[in-house]
Amino acid sequence: MARKVAVVTGASRGIGWAIASLLADRDWLVIGCSRSGRPRGLDPSIRWMTADISDPGAARQLAEFAAGADEGIGVLVNNAGIQVERTVTESTDEDWEAVIGTNCRGVFNCCRAFIPFMQRAGGGSIVNIGSISGLASDPSMALYNASKGFVHALTRSIAVDHGPGIRCNAVCPGWIMTEMAEAAFSLARDADAAAADAESRHPSGRFGKPADIARAVAWLISPESEFVTGQCITVDGGLLAASPIRTDLS
């Protein structure tokens, strides 16, 4: 029996890998995408296209490739993202092009390319991967923080402009232990101490795992969330809910 297609950008590692793998386990026909080639060890059932989605033409090609598979596109997960650890005054034009090109233009390009195909297929669900960095700014990540704010606002606009039929939501991860998190902690004078302090501020008692975000995405594309659209859902182990005041210090 033909299956609906789920496309996951930035699927070569970390959160994207976890999302693509979980959806494949749940019997979606998954198409993964990144600028690099297909990674070793990825579920063999996952189809692959190498593409730089900051290029509008590549985003259109990805949408056309996905639309030609089985029953049409049901889900788009915009996960591809780049992080640069610099302040505004430290950021270069090259940093701007890299971060804004992928995190903003890339998400926009894919949404613009995929929505018409979803409409022809009878509707669909878009999940953008935002960040708590678009809600509360991390130090020395000015462009990344700003780009995630864009993703959150674009998510609401798509939900308003293209529903009913198209639902669009964002998942806003907190500290998920990936290479991006490790790079951010490396900015501290003592990376291990910074990580330990950050972990202690989570009411959940731990950092997040890519699987935590994958499960949130799976819920957002399921019938159980059919009345949810235009929302930016924080998945951060309670980090932003907690006051910075510490009562366990001597």
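The values are calculated or read from the model by the stated rules, or taken from the named source; none is laboratory data. Predicted model only: the values in this text are computed from it and were never measured. A quick note on method: Cβ atoms are made from the backbone with ideal geometry, for glycine too, and the neighbour counts reach across all protein chains shown. In case anyone asks, the SASA skips ligands and DNA or RNA and just uses the protein heavy atoms, side chains included. Shrake-Rupley method; radii C 1.70, N 1.55, O 1.52, S 1.80 Å.
Structure notes:
- Exposure check, 1.4 Å probe, all protein chains in place: I176 carries approximately 10 Å² of accessible surface.
- Potential lengthening between E71 and S222 on full extension [0.36 nm per residue; Cα-Cα distance subtracted]: 52.7 nm
- Highest mean packing first, where packing is the average number of other Cβ atoms within 10 Å per residue, the peptides 119-131, 10-22, 88-100 line up as 10-22, 119-131, 88-100.
- Rough spin-label spacing in nm, given labels placed 7 Å along Cα→Cβ, for S140 and E94: 1.9 nm
- Modelled spin labels at R201 and R13, positioned 7 Å past Cα toward Cβ, are 2.5 nm from each other.
- 222 nm mean residue ellipticity, helices alone, for the chain (DSSP H n ≥ 4; -39,500 (n - 2.57); rounded to 500): -11500 deg cm²/dmol
- Segment E64-M177, length gained on full extension (0.36 nm per residue, minus Cα span): 37.3 nm
- For chymotrypsin sites (Phe, Trp or Tyr not before Pro), the sites in the range 191-228 that DSSP calls loop and that have at most 11 other Cβ atoms within 10 Å are F227.
- Amide H within-cut-off set for T234, under 5 Å, with H built and near neighbours excluded: C172
- Heavy-atom accessible area per residue - the chain, 1.4 Å, Å²: 48 Å²
- Crossing angle, helix 56-67 versus the chain [Cα axis fit, 0-90 degrees, rounded to tens]: 60 degrees
- For the range 225-237, 3J(HN,Hα) per residue [Karplus equation, 6.51 cos²θ - 1.76 cosθ + 1.60, θ = phi - 60°, Hz, x = Gly/Pro]: 10, 5, 9, 9, 7, x, 10, 10, 9, 7, 10, 9, x
- Cβ-defined net charge surrounding R112, 14 Å radius [Lys, Arg +1; Asp, Glu -1]: -1
- Given [x] -0.38, -1.45; [y] -0.54, -1.38; [z] -0.38, -1.65, the label whose value is log10 I(q)/I(0) by the Debye sum over Cα atoms at q = 0.09, 0.18 Å⁻¹ derived from this model: [x]
- Sorting the segments 137-150, 102-115, 29-42 by their mean number of nearby beta carbons within 10 angstrom, highest to lowest, gives 102-115, 137-150, 29-42.
- Compactness ratio for the range 164-241: Cα radius of gyration over 2.2 N^0.38 Å (N = residue count) comes to 1.31.
- Packing here is the average count of other Cβ atoms within 10 Å per residue, and on that basis the peptides 57-64, 74-81, highest first, run 74-81, 57-64.
- For the pair A242 and A191, a Förster radius of 30 Å applied to the C-beta separation gives a FRET efficiency near 0.85, rounded to the nearest 0.05.
- Measuring nothing but protein heavy atoms, the accessible surface of the chain at 1.4 Å probe radius is 53 percent carbon and sulfur.
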